[in-house]
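The values are calculated or read from the model by the stated rules, or taken from the named source; none is laboratory data. A quick note: this is a predicted structure, and the numbers were derived from the prediction, not measured. Here the Cβ positions follow ideal geometry from the backbone for every residue, glycine too, while neighbour counts run over all protein chains shown. Ligands, DNA and RNA are excluded from the accessible area calculation, which covers all protein heavy atoms including side chains. Shrake-Rupley method; radii C 1.70, N 1.55, O 1.52, S 1.80 Å.
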Amino acid sequence: MEAPEGGGGPAARGPGQPAPEARVHFRVARFIMEAGVKLGMRSIPIATACTIYHKFFCETNLDAYDPYLIAMSSIYLAGKVEEQHLRTRDIINVSNRYFNPSGEPLELDSRFWELRDSIVQCELLMLRVLRFQVSFQHPHKYLLHYLVSLKNWLNRHSWQRTPVAVTAWALLRDSYHGGLCLRFQAQHIAVAVLYLALQVYGVEVPAEVEAEKPWWQVFSDDLTKPIIDNIVSDLIQIYTMDTEIP
Amino acid sequence: MDRDLLRQSLNCHGSSLLSLLRSEQQDNPHFRSLLGSAAEPTRGPPPQQPLQGRKEKRVDNIEIQKFISKKADLLFALSWKSDAPATSETNEDSEDHYAVMPPLEQFMEIPSMDRRELFFRDIERGDIVIGRISSVREFGFFMVLICLGSGIMRDIAHLEITALCPLRDVPSHSNHGDPLSYYQTGDIIRAGIKDIDRYHEKLAVSLYSSSLPPHLSGIKLGVISSEELPLYYRRSVELNSNSLESYENIMQSSLGFVNPGVVEFLLEKLGIDESNPPSLMRGLQSKNFSEDDFASALRKKQSASWALKCVKIGVDYFKVGRHVDAMNEYNKALEIDKQNVEALVARGALYATKGSLNKAIEDFELALENCPTHRNARKYLCQTLVERGGQLEEEDKFLNAESYYKKALALDETFKDAEDALQKLHKYMQKSLELREKQAEKEEKQKTKKIETSAEKLRKLLKEEKRLKKKRRKSTSSSSSVSSADESVSSSSSSSSSGHKRHKKHKRNRSESSRSSRRHSSRASSSQIDQNRKDECYPVPANTSASFLNHKQEVEKLLGKQDRLQYEKTQIKEKDRCPLSSSSLEIPDDFGGRSEDPGDFYNSYRTQAGSSKTEKPYKSERHFSSRRNSSDSFCRNSEDKIYGYRRFEKDIEGRKEHYRRWEPGSVRHSTSPASSDYSWKSVEKYKKYTHSGSRDFSRHEQRYRLNTNQGEYEREDNYGEDIKTEVPEEDALSSKEHSESSVKKNLPQNLLNIFNQIAEFEKEKGNKSKN
């Protein structure tokens, strides 16, 4: 597994363009997401893996470690943390296939054992770098409760024909390509994602204007509109990277 | 593409979105038509109020609009909607699954007027409402709604919405009186919405569960206690009393929030499918993922390849003779990949070489299951099966061996060895079968000789009995006596009856009853028979009329009830002789398989012709009578056995079905389980009939003898007792039966002769006894 080289320094970038590290992280996060789906991981363990990865590279430098190895180890570690245990053999197989799409399955040779050893060693390293704080509060739980509350208030036909829940869930999952999880509170991210989903379909929360408190304020007291706008715009930014990367 | 959704979105965002959409999605065929028509509604001026709000959001909105336009093909796709349908609302939301929250509008502090308006907009028929009775009138009762029990969970307690439950929708709780008297003001009621007048804001509810949709029909309507109020309402009340609580606090303090399974539960509730997770990223669309890339598929392939390596090493060991090492390698391979075909085949071959053929066969079969086209597996399996068959043959387990050969042939029709072996086995088996049969015949002959002597004694005894019971007989039936040769002699039930006397009696009764039954209703005969039976302390079956003779089922019933007596009951009447004979022919055929069966089968008779003639008069009589009664006569049994045996030889293939059908009946016939066993055996293993058959014969005969001695029509199911009745009794019985049996018309010539003899014999006896 070879890491792609980091691009030029900040000067080489155009305005508004994501930093090259961000691209790398995006690509690696994409790798984590894809591997997670192929390994049958649930949304929360995948989110934990991405968070661990992002957090690790906040503390360290891309040059020091191979990001893909870190990614594999984060998957392994996240499986343990979120009680969806994965076998290193499966992780190695899926990753190998990711990089060598038409390759044969790995043989049980010394190279295999070396790979396995590296994953395990890396896991310990990551734990130490993160000071063993690898359990996070994710927005998923909050988002689901908000969805239930909102569902009761909306007209049921309107709810049925508008895939608000699916869209919100998709947006939340995709948000892990970037480091949103590290910069914002879980509740805020959940509300913002829901907000965006409602916006996309033009759904209006009934009696919003007449209410004393807007619905998003209800869900999180310390949330403000600017925060929501920030999160939404960051999220959309992440999506722009998607089209640029092959 | 979902037009309505698109329209909704466009309405919200305005024309800028439309133009963006056009530019972004111009290549998408789905959108071209939609954008053309969907643009129509947005042309009109947007309503005033939203416009202002929108202007403020314009700046951010552009970004969002761009986003929408870029992802429109995903967002508005018809397949985007939840793939998994949300679980139907079972509103048994216990606290433990997730955090049940008070209604959102309560937090938002939406004014009552709006809440009311929205309530009447959103309420649907079939929703469950909970309220308190405010007044009871003669036409129904009014209730003030407190909360909702299904569908949307709203805060309506303070809205003072009333609903009427008309009288007709109130189920009555007692047989008389006013159903409304059960209800009082202040009762908390759970009801289903039946009718809504949205304009006038009127509701009609019902207490019948028919007003509810199917998935809710299990919920009880009517009076409920305050403990049954929904959780969300209780939380709502708490919130009212402490309006400073925040949503977040309530949620965090709820037990359901920390439930580890809350995410899965709610995902299911909302209809989001994790196995096919949604994403708006182009690269993560799950339809682009190939199944081969998934972890489980990769693991399988890898295991197979690893296992194959071990197998190769193992085969190398095997070739140089290191069997133990080879076995180790194979086992290793199978540990890695349990169903690996190559490993199984190789291990099977190793087992076969070492001699553990059964294990080898297991391995080969497993391998073939996984890969039916594996040539080697098939070949080796055939070889091993044949080898195993050979082993079994040497151990004299012929049927087993045969099955193995057949299996091998079934697998591979061209396998010469298997065919040869099978044929050889068949020949051998046939020979041994014939040998056995001959032996059995001999034994039978010997037995029958004995029987003859005891038969004479039995006859005498029976004669005496007949005289004694003449009166009874006469009164009971009008049918002629034995002389009529109606054999309906069910007394052939003699088979069942032990005592010779009884046998005769029964025969008489039977014939009488059979006749009467024919003439009168079957009941009459049955009553007669019943009487007779009772005399014998024999439980009387319900259908004792001889009409059963026409129906196999009845016979079976009769037979089932009483082993022997049934035979007696089944008297063959003259009238029914022909039909009977035809039917009974059937029966006999079926029974033929069973030694016990009244062996009065035509076949048996036919075979009889060839068999020992000396015994014939006796036996034929017995057979005849017993046959008639479709019951196993004791005497007959032995004969039957012989005949049946023969019959087996000849008609086994063809008759097997009959036998099977009659088995239940025959079981009953054979009053004793032993006899039934016997018949069973004979049916199933005619091949082995020879030895067992002969043995059974003797057993049966013994049993019968005992019965006759005892002179009771006991329903002895266990003939296991030591019986040493005399054969003559059986003979006597059988002779009676014979005389009674009538089957004359359809019998072949030799049989007819036999029957005539029997009839004469019986006539003598019958005349004597009657007179």
Hits in the range B:147-188: amide N under 16 Å from the 7 Å Cα→Cβ extension of residue B:234, namely B:147-149
Cβ-Cβ cut-off under 14 Å around residue B:138, Lys and Arg +1, Asp and Glu -1: the net charge is +1
Given a Förster distance of 51 Å, the FRET efficiency implied by the Cβ-Cβ spacing of residue A:128 and residue B:312, rounded to the nearest 0.05, works out to 0.70
Here the FRET efficiency for residue A:19 versus residue A:210, based on Cβ atoms and R0 = 51 Å and rounded to 0.05, is 0.70
Within 10 Å of the Cβ of an average residue in B:272-278, the count of other chain Cβ atoms is 6
Note to self: with every protein chain in place and a 1.4 Å probe, the range A:139-244 gives an accessible area per residue in Å² of 29 Å²
Per the Kirkwood formula over distinct C-alpha pairs, the hydrodynamic radius of the range B:88-194 in angstrom is 15.3 Å
Quick calc, residue A:116 & residue B:287: beta-carbon distance into FRET formula, R0 35 Å, rounding 0.05, result 0.65
Across A:195-206, the residue-averaged tally of Cβ atoms belonging to other chains within 10 Å stands at 6
Residue B:138 and residue B:4 label points (each 7 Å along its Cα→Cβ direction) are spaced in nm at 4.7 nm
Rounded to the nearest whole number, the per residue volume of the convex hull around the C-alpha atoms of the range A:139-244 in Å³ is 97 Å³
Note: residue B:331 to residue B:79 extended length (0.36 nm per residue) minus current alpha-carbon separation gives 85.9 nm
Percent antiparallel among DSSP beta bridges confined to the range B:110-243, rounded to 5, stands at 95 percent
Checking rank on A:20-29, B:136-145, B:453-462, with mean other Cβ inside 10 Å and highest first, the result is B:453-462, A:20-29, B:136-145
Those trypsin sites (Lys or Arg not before Pro) from the range B:382-442 that are DSSP loop and have at most 14 other Cβ neighbours within 10 Å turn out to be B:397
Shape call for the range A:20-130, from the Cα gyration tensor axes a ≥ b ≥ c (a/c under 1.5 means rounded, otherwise prolate when a/b beats b/c, else oblate), comes out rounded
Pseudo-spin-label distance residue B:195 to residue B:464, built 7 Å along Cα→Cβ, given in nm, is 9.3 nm
